[in-house]
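Working notes, structure below.
The values are calculated or read from the model by the stated rules, or taken from the named source; none is laboratory data. The shown structure was predicted, so the numbers you read here are calculated from the model rather than taken from an experiment. FYI the Cβ positions are ideal-geometry reconstructions off the backbone, even for glycines, and counts take in every protein chain you see. Areas reflect the complete protein model, heavy atoms only, side chains present, ligands, DNA and RNA absent. Shrake-Rupley method; radii C 1.70, N 1.55, O 1.52, S 1.80 Å.
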Amino acid sequence: MSFRPDQVTAICALNAPVLFLDTCMLLDVVRDVTRESVTSQNLSACLALLALVETRTDLVVCLATQVKSELNDNLSGVEDDSRAKLTKYVSEALRIDQAARLFGATGAMNTGHLFDHVARARKAMDRWLPVAHEASSEGDIPGRAWRRVSLGIAPAKKGKESMKDCVVIETYFEAADQLRKAGLSTPFVFASSNTKEYHEPNTSHLTPDLQSQFTLMGMEYAPNYGSAKHHLRL
């Protein structure tokens, strides 16, 4: 089972909304901040949700053991890429600033405060880990995940290695089922910015097979922190 009986009891006793986070959601906190998809609204929502879960009463966050494993494998590379992209951005900003001043612009652009951004973002991301309830990805879960892969059931796709994604979603389906059967009726949200694995092609809707399972679990899907906050009703 994803949760031990004592975990189920502890979570249900809080009677709080439950957020199931995918690996990409944690990595998004430290990912390249120069991407056009990065918005202050979503980052604010991330920090607001984090503050709520740190109270240990207003929000429950769950992390599959598979998510923690993927985080360990990918975090260093994401941080390195973020620093490289930010360095490039600062270099471009200074080049433009110098050109503008040649044509009479006054003042100088200050970008010094950006150099520590990745380190600060990493500290924020790290805060999720100690407050999360860990959901085991062992037992029958790998078998159910492999069935998804072999049949091409989302988030799996025929011809693509999707075992890790399938392990994560099966972990959370089992965890959600345990909590629902124990009587928890609060909002459940699975958050993953990896929408191409969960949405029907060229739409913003879950694939039909996923939608039926989400409905069965009383769970909503969120592609970002802002959407997660909305569906959690927080």
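What do you get for the angle between helix 5-14 and the principal long axis of the chain? Use alpha-carbon atoms, 0 to 90 degrees, nearest ten.
Roughly 60 degrees between the two axes.
Taking the mean number of other Cβ atoms within 10 Å as a proxy for protection, how do you rank 199-207, 55-63, 101-109 from highest to lowest?
55-63, 199-207, 101-109
Taking Cα atoms, how many degrees apart are the long axis of helix 65-102 and the longest axis of the chain, rounded to 10 and kept between 0 and 90?
20 degrees
Rounded to a whole number of µm²/s, how large is the Stokes-Einstein D of the chain at 20 °C and 1.002 mPa s, given Rh as the Kirkwood radius over C-alpha pairs?
So the translational diffusion coefficient is about 112 µm²/s.
Using Cα pairs under 8 angstrom and six or more residues apart, how large is the relative contact order of the chain, in percent?
32 percent
Taking Cα pairs under 8 Å and at least six residues apart, what relative contact order does the range 80-158 come out at, in percent?
Reported relative contact order: 19 percent.
What are the residues whose amide H is under 5 Å from the amide H of residue 134, where those residues sit 5 or more places off or on another chain and H is modelled from the backbone?
Those lying under 5 Å, H to H, from residue 134 are 63.
If you count only protein heavy atoms with a 1.4 Å probe, what accessible area per residue comes out for the range 71-216, rounded to a whole Å²?
57 Å²
From the phi of every residue in the range 50-56, what ³J(HN,Hα) in whole Hz does the Karplus formula 6.51 cos²θ - 1.76 cosθ + 1.60 yield, where θ is phi - 60° and glycine or proline is x?
4, 4, 5, 5, 6, 6, 6
Tally Lys and Arg at +1 and Asp and Glu at -1 over the other residues with C-beta under 13 Å from the C-beta of residue 206: what net charge comes out?
With Lys, Arg at +1 and Asp, Glu at -1, the net is -3.
What part of the accessible area of the chain, given as a whole %, is carbon or sulfur when the probe is 1.4 angstrom?
54 percent
Whole number please: convex hull volume per residue, Cα atoms of the range 94-210, in Å³.
Looking at the range 94-210, the number lands at 219 Å³ per residue.
Provide the per-residue ³J(HN,Hα) series for the range 210-216, in order, calculated from phi with Karplus coefficients 6.51, -1.76, 1.60 and θ = phi - 60°, each as a whole number of Hz, with x at glycine and proline positions.
Working through the residues one at a time gives 5, 4, 5, 6, 4, 4, 4 Hz.
Determine the shape class of the range 51-133: with a ≥ b ≥ c the square roots of the Cα gyration tensor eigenvalues, call it rounded for a/c under 1.5, and otherwise prolate if a/b is greater than b/c, oblate otherwise.
prolate
Roughly how many Å is it from the Cα centre of the range 98-123 to that of the range 1-36, as a whole number?
34 Å
Let me have the relative contact order for the range 150-234, percent, based on Cα pairs under 8 Å that are six or more residues apart.
32 percent
As I understand it, the value is the acute angle between the Cα axis of helix 117-126 and the longest principal axis of the Cα atoms of the chain; what does it come to in degrees, rounded to 10?
Once rounded, the angle reads 20 degrees.
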